[in-house]
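*Asks:* Mind having a look at this structure? Questions to follow.
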Amino acid sequence: MASGTGKGIPFLDLVSPHVELQDDLMDAIKGVVTSAMFIGGPVVEAFEREFAQFCDTKYSVGVSSGTDALRFVLMAAGIGPGDVVVTVPNTFVATVEAIIQAGATPAFVDVDPQTFNMSPDALKEYLQTHSNERVKAVIPVHLYGQMCDMDSIMALAEEYGLIVFEDACQAHGSRYFSTRQNRWQTAGSIGKAAAFSFYPGKNLGACGEAGAVTTNDEALAARVRMIRDHGQNKKYHHMVEGYNGRLDAMQAAILRVKLPHLSSWNASRREAAEIYNGLLAGSDLKTPYEPTWTKGNYHLYVVTCGQERDEIQAHLTSKNIGTGLHYPVPVHMQKAYAHIGYREGDFPVSERLSNEILSLPMYPQLGRSQQQQVAEALMNFYQGRSVAEASTKG
Ligand SMILES: *Cc1c(COP(=O)(O)O)cnc(C)c1O
């Protein structure tokens, strides 16, 4: 361990919130165990109502993961073989898995160099130049919990008759100011439907795998409910091809304990982000860009490092400071997705970002002195480098 760094700073602290909420969590788990209602039932339904309310939608349907949420909502909307679904290569792989597993064909457009999210200009260009394809839907991904430019994307979707599904798997509680509607909107309430993940490390995390679909469309919600449950609308009456993809009551009970804390956890993350912005102002690092029309939930706090990213990450590791890369390989460059037919150079912004981004420690319990330590370690790196440069120049 490097001297003077104490215990080090983890990239993510999943222990503290569970210790803090231990009694409530244990009560919730005990309630499920003693009721023996493990699959479906009142606890799942209560969570669905509460999460829909949080997202400002009429319905939420609990499923077994964010990936299933994406997959089921595409299938429920009738998207399948022969249909093209447009998304970005700068995302977690699940967005693309879902499109392919629904039987559709993914197409990529590059991201904006400032927001790192779907570029509406790139989307527009794609739609203008691919009128021969059956483009049915678009999946903007609110990466890092920062909102995509939804007014522009919704306007294009209307013009070209596309369905918009938000990948809100990182965006629980993120807000977007719609100029078209002149009001703040919540992630997951803007498109036709949205997918959320409650993977443990997300801003709202289960103690296992879980996810949800949100929508205002009653028929779509009903179809997702069938698809998650073997395609049945009544026990042993199977209406459509389905899956075993339900949210279980244990996870729903745990999520119900945590949901009331989500807004204050998100606020703590936003405060921590502001502190980082101040500490890193004037450094060679580029801090996250947040347009005035978004209030992100800072699922991740991602700086851009230029060419020295790997050295900076190694330097922080040597100081026992945890970091992450979200993501080191854009989806079109993944071996598994070579078959889609894209090549290196097709999405220059996503490709550059994959080499330059670095996720710093970020969680509601992150302390100010810890943030100071992270900033100092970063400053140290640059000081060390200028000393080295001065000495090689003689
Ligand atoms: C986490 C995540 C998913 C998948 O969610 P799981 O619950 O892990 O299946 C999909 N898209 C994005 C952007 C994610 O971050």
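*Asks:* Write out, first by first residue and then by second, each pair whose Cβ atoms fall under 6 Å of each other, whose residues are 6+ apart or on separate chains, and whose first residue, in region 173-197, is within 20 Å of A252 (Cβ to Cβ) and at pLDDT below 95 while the second is in a strand (DSSP E or B) and within 16 Å of the ligand (Cβ to nearest atom).
*Replies:* Partner pairs satisfying both residue conditions: none exist.
*Asks:* May I pose another question? Inspect all residues belonging to region 204-220 and state whether any of them is in contact with a helix residue (DSSP H, G or I) (Cβ under 8 Å, 6 or more places away or on another chain) and part of a helix (DSSP H, G or I).
*Replies:* Yes, region 204-220 contains at least one residue that is in contact with a helix residue (DSSP H, G or I) (Cβ under 8 Å, 6 or more places away or on another chain) and part of a helix (DSSP H, G or I).
*Asks:* Quick check: is even one residue across region 169-187 within 16 Å of the ligand (Cβ to nearest atom) and not in a loop (DSSP other than H, G, I, E, B)?
*Replies:* No; the residues of region 169-187 include none that is within 16 Å of the ligand (Cβ to nearest atom) and not in a loop (DSSP other than H, G, I, E, B).
*Asks:* Could I ask something else about it? Report whether or not V86 is away from the ligand (no atom under 16 Å from the Cβ), open to solvent by less than 40 Å² (accessible area, probe 1.4 Å), in contact (Cβ under 8 Å) with a residue 12 or more places away in the chain and outside any loop (DSSP other than H, G, I, E, B). Even if it seems obvious, please write down each step before you answer.
*Replies:* Details: away from the ligand (no atom under 16 Å from the Cβ): no; open to solvent by less than 40 Å² (accessible area, probe 1.4 Å): yes; in contact (Cβ under 8 Å) with a residue 12 or more places away in the chain: yes; outside any loop (DSSP other than H, G, I, E, B): yes.
The answer is no for V86.
*Asks:* Ok, one more. So the check is Cβ under 6 Å with 6+ separation or different chains; which pairs have a first residue in region 46-58 that's farther than 12 Å from A212 by Cβ and a second one that's hydroxyl-bearing (S, T, Y) and modelled with pLDDT of 95 or more?
*Replies:* Note: pairs meeting the criteria are D56/T186; D56/S189.
*Asks:* So, one more: Considering each residue of region 327-372, count those that are under 13 Å from I9 (Cα atoms) and open to solvent by 60 Å² or more (accessible area, probe 1.4 Å), and give that number.
*Replies:* Residues that pass the stated criteria total 3.
*Asks:* Let me ask something additional. Kindly indicate whether any position in region 94-106 is within 23 Å of K335 (Cβ to Cβ), touching a strand residue (DSSP E or B) at 6+ places or on another chain (Cβ under 8 Å) and part of a strand (DSSP E or B).
*Replies:* Within region 94-106, one or more residues are within 23 Å of K335 (Cβ to Cβ), touching a strand residue (DSSP E or B) at 6+ places or on another chain (Cβ under 8 Å) and part of a strand (DSSP E or B).
*Asks:* For residues that are acidic (D, E) and crowded, with 21+ Cβ neighbours inside 10 Å, scanning just region 150-168, find the one that is farthest from the ligand (Cβ to nearest atom).
*Replies:* Per the stated criteria, the residue is E166.
*Asks:* Checking the conditions here, which among E389, E308, E290 is of a type in the set (D, E), open to solvent by 50 Å² or more (accessible area, probe 1.4 Å) and over 22 Å from the mean Cα position of the chain (by Cα)?
*Replies:* E389
*Asks:* Tally time: how many residues in region 242-271 are touching a residue at least 12 places away in the same chain (Cβ under 8 Å) and farther than 16 Å from S65 by Cα?
*Replies:* First, the residues of region 242-271 that are touching a residue at least 12 places away in the same chain (Cβ under 8 Å): 242-259, 261-266, 268-270.
Right, trim to farther than 16 Å from S65 by Cα and you get 256-259, 261-266, 268-270.
Residues flagged as touching a residue at least 12 places away in the same chain (Cβ under 8 Å) and farther than 16 Å from S65 by Cα within region 242-271 amount to 13.
*Asks:* Ok, one more. For region 188-202, which residues satisfy the criterion of being open to solvent by 10 Å² or more (accessible area, probe 1.4 Å), within 15 Å of the ligand (Cβ to nearest atom) and closer than 23 Å to P291 by Cα?
*Replies:* If the condition is that a residue be open to solvent by 10 Å² or more (accessible area, probe 1.4 Å), within 15 Å of the ligand (Cβ to nearest atom) and closer than 23 Å to P291 by Cα, then G191, K202 are the ones that fit.
*Asks:* Taking the conditions exactly as written (out of contact with any Gly (no Cβ under 8 Å at 6 or more places or on another chain), open to solvent by less than 10 Å² (accessible area, probe 1.4 Å) and within 16 Å of the ligand (Cβ to nearest atom)), does V93 satisfy them or not?
*Replies:* no
*Asks:* Does region 63-78 contain any residue that is over 24 Å from M226 (Cβ atoms), within 16 Å of the ligand (Cβ to nearest atom) and open to solvent by 30 Å² or more (accessible area, probe 1.4 Å)?
*Replies:* Pass one, region 63-78, residues over 24 Å from M226 (Cβ atoms): none.
No, region 63-78 has no match at all.
The values are calculated or read from the model by the stated rules, or taken from the named source; none is laboratory data. What you see is a predicted model; the values in this text were computed from it and never measured. Using ideal geometry, Cβ is built from the backbone for each residue, glycine included, and neighbour counts are taken over all protein chains shown. Side chains are part of the model used for accessible areas, which takes the heavy atoms of the whole protein and leaves out ligands, DNA and RNA. Shrake-Rupley method; radii C 1.70, N 1.55, O 1.52, S 1.80 Å.
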